[in-house]
Amino acid sequence: VDTVGLTAWAPRLHAVLTADTDPLALIERRARPQDRPAVPDWLTEGAVVGIQGGTEKVRSVVEDLTAEGAALSAVWLQDWTGARKADLGDRLWWTWQLDEQRYPGWDQLVSDLDDQGIRVLTYVNTWLVDAAEKDDETRNLYTEAADAGYLVLDPDGSVYELDQGGFDAALVDLTNPDARGWYADVIATEVLRAGAAGFMADFGEGLPFDARLAEGEPAVEHNRWPLLWAQTARDACERAGQPDCLTWFRTGSGGMAEYAPMFWNGDQIVTYSPQDGLASALLGTFNAGVSGWHLTHSDIGGYVSVDAIVRDYVRSPELNRRWAEMEAFGVMMRTHESNRPADNEQVYDTERTRADFARMTRLFAALAPYRADVVAEAVETGVPALRHTWLQYPGSAAAQSDTQFFLGSSVLVAPVLAEGRDSVEVSFPPGEWVHLL
């Protein structure tokens with residue numbers, strides 16, 4: 001194209017234009033000056049299994065998977081703060097305190113898992129709900145923030161309550177330095193000091209354009225919000241004395257890679273679709289890689305499961321297997337139970353699903369030495385770890401394919417992205433290629 005259009009929601013724009021004949025060199029020239037936090041070594045050595053349901057459920061799943069020979073680096077317990085039913089399915093209590101009724105003996109659980117080399121990861125986002133609705137919290141963060149003036153306000157000056165699909169929540173005003181510091185302390189004390197090695201740092205979008213903020217115009221701050229959220233999460237890790245804690249994000253803005261160790265591709269529907277399923281996760285990874293997201297992964301199995309009347313979207317064991325195969329050649333191998341766990345096949349449900357998943361985790365672990373070098377290069381240079389063939393072999397016939405990718409510079413992967421298929425067509429770049437397996 002000869003022209004590119006750009007709209008800026010600001011009176012001024014600072015732009016830097018970079019050019020190069022080599023696409024990888026172009027990305028590196030743009031990204032290298034920025035510092036990026038390293039990811040912990042353990043992350044690339046085993047899978048992160050998403051589990052919900054409480055202490056005994058976690059122990060049972062871990063026992064079943066390890067008995068099958070699965071290589072696990074962590075469990076991801078997003079319901080650590082409690083579960084609730086909502087319009088979209090199984091949701092969480094955004095009160096950011098340990099639900100001791102759901103997870104009795106939490107400290108012992110964390111300790112026992114640590115003895116097996118398995119870390120605990122949790123979940124937190126930018127929203128707060130009134131803990132009075134749950135009625136079993138010792139600390140109500142919502143009222144604390146409201147009383148201190150730390151919440152985003154609506155045009156009338158009241159707390160801006162926004163519908164989350166069956167319940168209301170309010171945003172912490174991240175334009176207020178005092179609010180950011182308060183929230184970083186909350187995460188440090190309530191989340192990380194509960195034994196977590198990190199957390200999914202969800203959301204980062206959703207600031208209303210008519211909001212009243214402590215600083216700035218909402219139309220401008222809307223796009224800066226993910227950066228403010230990443231800075232808050234990084235600050236929380238520092239305050240907790242865990243500078244290497246793992247956080248991962250699904251929204252981004254300029255400069256964010258300096259504070260975000262890992263990204264993920266958001267909430268795909270539980271299908272193979274290139275619009276919003278397995279195939280779309282790969283396309284999203286390609287776009288992310290040239291946009292400054294150097295380390296990106298996706299939820300194995302997808303997340304969104306809905307009964308749309310004409311079709312009930314639930315995932316199959318085959319979809320779980322295919323998604324796990326793709327992520328086995330990624331940088332973070334993490335499963336998600338979906339928003340309707342009871343209706344969707346889980347990787348730990350049956351002997352067959354456990355065996356299939358365990359095999360892929362062992363493959364993921366076997367690639368750890370190579371992956372460690374790839375990840376280190378991505379952190380140092382900003383060049384994405386997962387690459388479109390065009391980045392690695394520009395100008396080749398293989399560069400035209402959107403259904404294969406490179407892990408680093410040497411491993412070419414052609415995942416199965418369609419239901420019922422047992423083979424794919426691969427376009428090889430120039431050179432001699434050896435089957436890895």
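Please go through (1) more than 19 Å from Pro37 (Cβ to Cβ); (2) out of contact with any Lys or Arg (no Cβ under 8 Å at 6 or more places or on another chain) for Gln164 and return the number of the only condition it doesn't satisfy.
Here Gln164 clears every test but (2).
Got a sec? Which of Val379, Val383, Val375, Val310 is on the phi < 0 side of the Ramachandran plot, in contact with a Pro (Cβ under 9 Å, 6 or more places away or on another chain) and not acidic (Asp, Glu)?
Every option except Val379 fails the conditions.
Could you please find all residues in the range 367-411 being farther than 24 Å from Gln275 by Cβ, open to solvent by less than 60 Å² (accessible area, probe 1.4 Å), in contact (Cβ under 8 Å) with a residue 40 or more places away in the chain and polar (S, T, N, Q)?
Correct list: Thr381, Gln392.
Go through the residues of the range 282-292 one by one and say whether even a single one is over 16 Å from Gln34 (Cβ atoms) and of a type in the set (S, T, N, Q).
The answer is yes; a qualifying residue exists.
Taking the range 309-331 as the region of interest, how many residues are hydrophobic (A, V, I, L, M, F, W, C) and in a loop (DSSP other than H, G, I, E, B)?
Of the residues in that region, 6 qualify.
Looking only at residues that are open to solvent by 60 Å² or more (accessible area, probe 1.4 Å) and outside any helix (DSSP H, G or I) in the range 142-157, which one is farthest from Leu213 (Cα to Cα)?
Applying the filter and picking the extreme gives Asp156.
Are any of the residues in the range 277-287 touching a strand residue (DSSP E or B) at 6+ places or on another chain (Cβ under 7 Å) and in a strand (DSSP E or B)?
No, the range 277-287 contains no residue that is touching a strand residue (DSSP E or B) at 6+ places or on another chain (Cβ under 7 Å) and in a strand (DSSP E or B).
Could you list, in sequence order, the residues of the range 412-430 that are free of Cβ contacts under 8 Å to residues at least 40 places away in the same chain and under 21 Å from Thr21 (Cα atoms)?
Pro430
What are the pairs, 6+ residues apart or on separate chains, where a residue within the range 216-232 that is more than 12 Å from Gly254 (Cα to Cα) has its Cβ under 8 Å from a residue that is in a helix (DSSP H, G or I) and of a type in the set (Phe, Trp, Tyr)?
Thr232/Tyr183
Could you grab me the full set of residues in the range 66-83 that are of a type outside the set (A, V, I, L, M), open to solvent by less than 20 Å² (accessible area, probe 1.4 Å) and under 11 Å from Gln116 (Cα atoms)?
Ser73
Considering only residues that are under 16 Å from the mean Cα position of the chain (by Cα) and of a type in the set (Val, Ile, Thr), look in the range 280-317 and name the one that is most open to solvent (accessible area, probe 1.4 Å).
Looking at residues that are under 16 Å from the mean Cα position of the chain (by Cα) and of a type in the set (Val, Ile, Thr), I get Val304.
Can you confirm whether the range 422-430 contains a residue that is more than 21 Å from Ser280 (Cβ to Cβ), modelled with pLDDT under 95 and open to solvent by 70 Å² or more (accessible area, probe 1.4 Å)?
yes
Need pairs with beta-carbon distance below 7 Å; first residue without any contact (Cβ under 8 Å) to a residue 40 or more places away in the chain and within the range 249-273, second part of a loop (DSSP other than H, G, I, E, B) and aliphatic (A, V, I, L, M); sequence gap 6+ or separate chains.
Phe263/Leu295
Scan the range 50-63 and tell me whether some residue there is β-branched (Val, Ile, Thr), under 17 Å from Met200 (Cα atoms) and in contact with a Pro (Cβ under 8 Å, 6 or more places away or on another chain).
no
Quick check on Gln34: is it modelled with pLDDT of 95 or more and not charged (D, E, K, R)?
In short, no.
Going through the range 103-141 one residue at a time, which ones are under 24 Å from Leu174 (Cα atoms) and open to solvent by 50 Å² or more (accessible area, probe 1.4 Å)?
Result: Ala132, Arg139.
Report whether or not Glu345 is in a loop (DSSP other than H, G, I, E, B), open to solvent by 30 Å² or more (accessible area, probe 1.4 Å), touching a Pro at 6+ places or on another chain (Cβ under 9 Å) and not basic (Lys, Arg). Lay out the reasoning, then the answer.
Values: in a loop (DSSP other than H, G, I, E, B): yes; open to solvent by 30 Å² or more (accessible area, probe 1.4 Å): yes; touching a Pro at 6+ places or on another chain (Cβ under 9 Å): yes; not basic (Lys, Arg): yes.
Answer is yes for this residue.
Is it the case, given these coordinates, that Thr55 is open to solvent by 100 Å² or more (accessible area, probe 1.4 Å), of a type in the set (Ser, Thr, Tyr) and either in contact with a helix residue (DSSP H, G or I) (Cβ under 9 Å, 6 or more places away or on another chain) or over 24 Å from Thr361 (Cα atoms) (or both)? Reasoning before the result, please.
On the way: open to solvent by 100 Å² or more (accessible area, probe 1.4 Å): no; of a type in the set (Ser, Thr, Tyr): yes; either in contact with a helix residue (DSSP H, G or I) (Cβ under 9 Å, 6 or more places away or on another chain) or over 24 Å from Thr361 (Cα atoms) (or both): yes.
For Thr55, the condition - open to solvent by 100 Å² or more (accessible area, probe 1.4 Å), of a type in the set (Ser, Thr, Tyr) and either in contact with a helix residue (DSSP H, G or I) (Cβ under 9 Å, 6 or more places away or on another chain) or over 24 Å from Thr361 (Cα atoms) (or both) - is not met.
Specify the residue that is surrounded by the fewest Cβ atoms within 10 Å (Cβ to Cβ); the eligible residues are those in the range 325-337 that are in contact (Cβ under 8 Å) with a residue 40 or more places away in the chain and over 15 Å from Leu295 (Cβ atoms).
Let us first name the residues in the range 325-337 that are in contact (Cβ under 8 Å) with a residue 40 or more places away in the chain, namely 325-326, 329-337.
Next, only the ones that are over 15 Å from Leu295 (Cβ atoms) stay: 325-326, 335-337.
Values: Glu325: 17, Met326: 25, Thr335: 24, His336: 27, Glu337: 24.
By that ranking, first place goes to Glu325.
Could you tell me how many of the residues in the range 158-184 are open to solvent by less than 50 Å² (accessible area, probe 1.4 Å) and either part of a helix (DSSP H, G or I) or among the β-branched types (Val, Ile, Thr) (or both)?
So the answer is 8.
The values are calculated or read from the model by the stated rules, or taken from the named source; none is laboratory data. Because the structure is a prediction, the values reported are computed rather than measured. FYI the Cβ positions are ideal-geometry reconstructions off the backbone, even for glycines, and counts take in every protein chain you see. Surface areas here come from the heavy atoms of the whole protein model, side chains and all, with no ligands, DNA or RNA. Shrake-Rupley method; radii C 1.70, N 1.55, O 1.52, S 1.80 Å.
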